[in-house]
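J.: Handing you a structure now.
The values are calculated or read from the model by the stated rules, or taken from the named source; none is laboratory data. Keep in mind that what you see is a predicted model, and the values were worked out from it rather than measured. Positions of Cβ are generated from backbone atoms using ideal geometry, with glycine treated the same way; all protein chains shown enter the neighbour counts. Protein only, heavy atoms only, side chains kept; ligands, DNA and RNA dropped before computing areas. Shrake-Rupley method; radii C 1.70, N 1.55, O 1.52, S 1.80 Å.
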Amino acid sequence: MGDIIRTARAILGVTDLERSRRFYEDALGFVLTERDDDHLYFRGYEEHVHHSLVLKKAEVPYVEAIGFKVRSEADLDALAERFQREGRKIRWLEKGTQRAVGRALRVEDPLGVVVEYFAEMEKAERLLQRYELYRGARMQRIDHFNCLVPDVQKAYDYYTGSLGFACSEYTATKDDRLWAAWLHRKPNVHDIAFMNGEGPRLHHIGFWVTDPMSIIHACDILASLGYAGAIERGPGRHGLSNAFFLYLRDPDGHRIELYTGDYLTSDPDFEPIRWDVDDPRRQTFWGHAAPDVWFSEASRFKALNGDGLVPLKPPTLEKLKPTFVL
C-alpha cells in the first residue's frame, strides 16, 4: 500500500515573491529557510526539515501539489505500483530536481487533486525552544489540507480504502449522503479533508500554532502591518475538530488557516463523529458568519504535466450556502 506518515508540504504559485515574503515571514512569522530568484522555502519553528511550504514565482496563482511524507523509498515504489495498476497519471521527480527533496512521486488522484509523495528531505535546525526568534503567529508546523471536490464519497472511499487513511469526523445529509470528511494518518483530526463543491480545488492549508493567544497575537501583528484586510474569517472555534481557528488570504488569494486545539485520534477503536449538514455548530461552535467567498473561492491545481490547470467539475450534491452562523 505504501506507508503514508503525514501532511508534509505544499507548493504554491505566487505572482510576487517579495510581497509574499513580507506576508509570510514578517506578518505570520514563518521561518525562511532559503530563497532564490524563483522560490521561497518556509518552515515552522517546530519543524526539523528544510521546509513545509514552497512559494514559486508564477504568472498566475496556482497549486502545483500538496505533499505527504512516506516512511521509506520502498513505500514510494509501492505507491507507484498501485497507481499504475489503477491507471492513474503519475510523474517521477528524481532527487536533485527539487531543492532539498529526494525522489518524489506525483499523481493525479481520482478527483483530479495533484498529490506528491516523498520520503527524504534535508534537515534544518529545529527552533522550537529558540523563543527569542519567535514572531508573528509563532508558526509551529504544517497540519492539514482541505480540498473542495465534486464527489466526497469517492474521495472518502479511495483515501480510506486504497491509501489507509482513517476518518475522524464527517458531515452527512438527512438521507446519509456524505457532504464532507476529515481523514488522517497522523494521530490528530486530519491530514486532509474533503468538502462538497466545484473542484478539484485547494480550499486551504492549515498550520498549527501553539495556543489561541498566538492567533490573537497574529491578528494584532497583521493589523499593525496593514494586513487587517487579509483576515477572512475568525477567530472562532470549530465544532468539527474543536479547533480554534483563523482564516487568512495571502496576497495571491491562497487561503491559510491558523489552527490549534484539536484532539488525539490514535486509539484503534476510535469511532468517527457524525455531524448533520444542518447543524449550525459543525463548522463554527461559536464565531461570526463566514463571508460568501469562503464558500465560492479556492485555489486551482496545475495539471500534472504542467499544461494549464486541472479542469473543474460541478459537485454531485446540491451546492448549498448555509444560512446559519458558520
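J.: Per-residue accessible area for residue 101 at 1.4 Å probe radius, Å² rounded to 10?
T.: Spelled out: residue 101, probe radius 1.4 Å, area about 10 Å².
J.: Here's another thing I want to ask about it. How much solvent-accessible surface does residue 241 expose, in Å² to the nearest 10, with a 1.4 Å probe and all protein chains in place?
T.: 0
J.: On average, how much area does the Cα convex hull of segment 1-148 cover when viewed from any direction, in nm²?
T.: 9.1
J.: From the square roots a ≥ b ≥ c of the eigenvalues of the alpha-carbon gyration tensor of segment 169-263, which class results: rounded (a/c under 1.5), prolate (a/b over b/c), or oblate?
T.: It comes out prolate by the Cα gyration axes.
J.: Still on this structure, I have one more. Across segment 65-192, how large is the tail of the calculated P(r) beyond 24 Å, expressed as a percent of all Cα pairs?
T.: So the pairs more than 24 Å apart make up 40 percent of the total in segment 65-192.
J.: Mean separation of Cα pairs under 8 Å and 6+ residues apart, divided by the residue count of the chain: what relative contact order is that in percent? If you can, show how the numbers build up before the last one.
T.: Working: 825 pairs, mean separation 60.3, N = 326.
The value is 18 percent.
J.: Taking the Cα centre of the chain as origin, work out the dipole magnitude from +1 charges on Lys and Arg Cβ and -1 charges on Asp and Glu Cβ, in debye rounded to 20.
T.: So the magnitude is around 220 debye.
J.: A further question on this structure: As an exercise, use a Förster radius of 25 Å and the Cβ-Cβ distance of residue 220 and residue 297 to find the FRET efficiency, rounded to the nearest 0.05. Walk me through the intermediate numbers first.
T.: Working: r = 26 Å, r/R0 = 1.03.
The value I calculate is 0.45.
J.: Rounded to whole Å and ordered largest first, report the semi-axes of the equivalent ellipsoid of segment 70-133 derived from its Cα gyration tensor (root of 5λ).
T.: Value: 29, 13, 11 Å, ordered largest first.
J.: If you put +1 on each Lys and Arg Cβ and -1 on each Asp and Glu Cβ, how big is the dipole of segment 106-241 around its Cα centre, in Debye rounded to 20?
T.: Dipole about the Cα centre, nearest 20: 340 debye.
J.: On a 1.4 Å probe surface of the protein chains, which of 39, 48, 190 comes out largest in accessible area, and what is the full order?
T.: 48, 39, 190
J.: Now a separate question. How are the Cα pair distances of segment 1-55 distributed, in percent, across 5 Å bins from 0?
T.: 4, 18, 30, 23, 11, 6, 4, 2, 0
J.: Can you give the charge dipole size of segment 191-277 about its Cα centre, rounded to the nearest 20 debye, using +1 on the beta carbon of Lys and Arg and -1 on the beta carbon of Asp and Glu?
T.: 320
J.: For segment 194-242, with equal point scatterers placed on the C-alpha atoms only and solvent neglected, what are the log10 I(q)/I(0) values from the Debye formula at q = 0.32 1/Å, to two decimals?
T.: Listed by q, the Debye log ratios stand at -1.28.
J.: Would you mind computing Rg(Cα) / (2.2 N^0.38 Å) for the chain, counting N as its residues?
T.: Cα Rg divided by the expected 2.2 N^0.38 Å: 0.94.
J.: Oh, and also: Using only Cα atoms, what Kirkwood radius does segment 241-315 have, in angstroms?
T.: On the way: mean 1/r = 0.0627 Å⁻¹.
Hydrodynamic radius (Kirkwood, Cα only) of segment 241-315 equals 15.9 Å.
J.: Using a 1.4 angstrom probe, figure out how much accessible area the chain has per residue, in square angstrom, rounded to the nearest whole.
T.: Heavy-atom SASA per residue in the chain reads 41 Å².
J.: Would you mind checking the pairs 89/154; 186/313; 154/302 and listing those with alpha carbons more than 25 angstrom apart?
T.: Pairs exceeding 25 Å: 186/313.
J.: Can you work out the base-10 log of I(q)/I(0) for segment 133-202 at q = 0.21, 0.28 1/Å, using the Debye formula on its C-alpha atoms alone?
T.: Computed log10 I(q)/I(0) values: -0.85, -1.27.
J.: Let me ask something else about it. log₁₀ I(q)/I(0) of segment 175-326 at q = 0.10, 0.20 Å⁻¹, via Debye over equal Cα point scatterers, no solvent, to two decimals?
T.: Treating every Cα as an identical point scatterer, log10 I(q)/I(0) equals -0.39, -1.48.
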